[in-house]
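A.B. asks: First the structure, then my questions, so here it is.
The values are calculated or read from the model by the stated rules, or taken from the named source; none is laboratory data. It should be emphasised that the depicted structure is a prediction, and the values quoted were computed from it without experimental measurement. SASA here: full protein model, heavy atoms, side chains in, ligands and nucleic acids out. Shrake-Rupley method; radii C 1.70, N 1.55, O 1.52, S 1.80 Å.
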Amino acid sequence: CEHLKPQFYQVDLYAHDNLSYRDSAGPTEVLSVHKIIKITVLPRPVENLTISPGNGQVTLNWDPHPCDSVVSYEIYRSFGSSSYNEDTVCCSSDPASSGFTLIATNDGNGNVTYTDDNGGQGFPFGADICYMVRGVTTTRDFTCATNIECFEIEKELAVLVKDSIDVTGAVGSIRVE
């Protein structure tokens, strides 16, 4: 955590042959190479996302990030199965590019619970719903996202799918399916 910073660390490697081992009959030029490596230290992913669906809402929980520089969490939701493939080396993938929508931001490193009720709308029956969370640092860098957790809203109640009037009159009949 103490090594996180928005700038990269630079490592300069310089190698050359040892002049004391050179043969007078050999080449006179010095063999050398210079290589620069840039290293960016990123915070590790947010871990252990769990979801608990029930009664028209879903409660998400995850572990607090161990770095104090993670000051908020972005919560993403997707309807339907997800094909999100994060660049796990640089954590630079955008969840929105894979069908996820940012639905909330929890401020504070210890604020690790969120309850989603889809804005009071409830959730469509039979829908696959997936969630992921990623941390945001003080420098607006992002951690890698959590594991993706999904569930399906099952039809728990009888649902009227068809009704029609078969016979009209004083004694009629209707058809309900």
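A.B. asks: Enter the accessible area of Tyr9 (Å², nearest 10), with the probe set to 1.4 Å and all protein chains included.
C.D. replies: 80 Å²
A.B. asks: Can you tell me the length gained on complete extension of the stretch Lys162 to Asp17, counting 0.36 nm per residue apart and subtracting the Cα distance?
C.D. replies: 43.7 nm
A.B. asks: Moving on. Can you send over the carbon and sulfur percentage of the accessible area for the stretch 93-177, probe radius 1.4 Å, protein chains only?
C.D. replies: Here carbon and sulfur together make up 49 percent of the probe-accessible area.
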